[in-house]
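Asks: Please read through the structure below; I'll follow up with questions.
Where a number appears in this text, it was derived from the coordinates with a stated rule and is not lab data. As the structure is a computational prediction, the values presented were derived from the model and not from experiment. Cβ placement follows ideal geometry from the backbone for every residue including glycine, while neighbour counts extend to all protein chains displayed.
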Amino acid sequence: MAETGAGEILCAAAQQVLETMFFTTIVGERQGPPEGPAVAARVSFEGSPSGTFGLKLSAEAARAIAANFLGVENDEEVSAAQTGEVICELANMVCGAMLSRVESGSTFQIAHPQLDAGEEPSDGAVARYLDLDNGALALWVRFDGQ
Amino acid sequence: MGYRVLIVDDSPAMRSVIRRVIVLSGFDLEECLEAEHGGEACRLLQERPVDVILTDINMPVMNGERFLEAIKADQSLEAIPVVVVSTDATEHRIRRMLELGAQGYVTKPFFPESLRGELERVLGVNYG
């Protein structure tokens, strides 16, 4: 898949998911991934094609997004464990929304999302960096064999 | 008497959100059971009958497709309406789950109104 096409699909999937269930808006693109404390998750998928998807949120965005999703008014009441669970679900949904666009004529399987250190693959990945109304977000996808 | 609902999803956060949507939608909820995967859900259903099941597809141990097959193969459970709640929006997957006997399908991400509407439809109620 062309880099531009994959990047556009990534951004469209993230926008759909963030606006619908996390009450968060993308305000623009940024030059690089979030700096400082962050929460990251990745998930592998099998289909046609297979690959791995990951995201990394600045810590303030992760807390705010978790609070929005769980319906908690004060994001300081959201535990680190709850934030991790929500960010994993966010990764699951963005990955699913992306694959539903890429693989509409076939089926795919998404593995259980895992929290990780937020390192992007050094080669073969398509990445996009976005500013949100509550922090920063990096998204990447690497399709097997590319 | 209220409804007994079973939510099957490996994400605790998603189970919490679905439960909240059901409560805020005004459903007369008697009991809301939760399971992390189809295997746990099958065990729960042997002990506690429910009125409707909402299930994810991609789950460990027993995924939603195998869970749905297990329900429809069990005469004591086959009449329970099942609504699939999944990130998979492909036509192929939706058609497959409906062919297996699911009565509804909601794609994540969803607006609360979508889940509420699908639940009302399969239960034959309208909370306005």
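Asks: On full extension of the chain, what length is gained from A:Asp144 through A:Ala80, given 0.36 nm per residue of separation minus the C-alpha to C-alpha distance?
Replies: 19.8 nm
Asks: Modelled label-to-label distance, A:Gln109 and B:Asn126, 7 Å Cα→beta-carbon offset: nm?
Replies: Roughly 4.3 nm, to one decimal.
Asks: Using Cβ contacts closer than 10 Å as the measure, can you line up B:Thr107, B:Thr90 from fewest to most?
Replies: The fewest-first ordering by Cβ neighbours comes to B:Thr107, B:Thr90.
Asks: Hey, in the GNM for chain B with a 10 angstrom Cα cutoff, which one of B:Val61, B:Val50, B:Val83 fluctuates hardest?
Replies: In this elastic network of chain B, the residue with the biggest mean-square fluctuation among B:Val61, B:Val50, B:Val83 is B:Val61.
Asks: Follow-up. Pick from A:Val27, A:Val39, A:Val86: which residue has the top mean-square fluctuation in a GNM of chain A where Cα pairs under 10 Å get a spring?
Replies: Of A:Val27, A:Val39, A:Val86, the Gaussian network model singles out A:Val27 as fluctuating most.
Asks: Using only the Cα atoms of chain A, what are the Rg and Dmax in Å?
Replies: 14.2, 44
Asks: Next up: Pick out which of B:Glu65, B:Glu78, B:Glu30 has the largest mean-square fluctuation in a Gaussian network model of chain B, springs linking Cα atoms closer than 10 Å.
Replies: B:Glu30
Asks: Mind sorting A:Arg42, B:Arg19 by how few other Cβ atoms lie within 10 Å of their own Cβ, fewest first?
Replies: Starting with the residue having the fewest Cβ neighbours, the order is B:Arg19, A:Arg42.
Asks: Give the Rg (one decimal place) followed by the Dmax (whole number) of the stretch B:9-110, computed from C-alpha coordinates and expressed in Å.
Replies: For the stretch B:9-110, the Cα-based Rg and Dmax read 12.8, 35 Å.
Asks: In percent, how large is the relative contact order of chain B, given Cα pairs closer than 8 Å and 6 or more residues apart? All intermediate terms of the calculation are to be shown ahead of the outcome.
Replies: Working: 211 pairs, mean separation 29.0, N = 128.
Once normalised by length, the contact order is 23 percent.
Asks: Using 7 Å Cα-to-Cβ label points, what is the A:Val72/A:Phe23 separation (nm, one decimal)?
Replies: 1.4
Asks: Let me ask something else about it. Can you say what percent of the DSSP beta bridges in the protein assembly as shown, counting only those with both residues inside, are antiparallel? Round to 5.
Replies: Counting only bridges with both partners in the protein assembly as shown, antiparallel ones make up about 65 percent.
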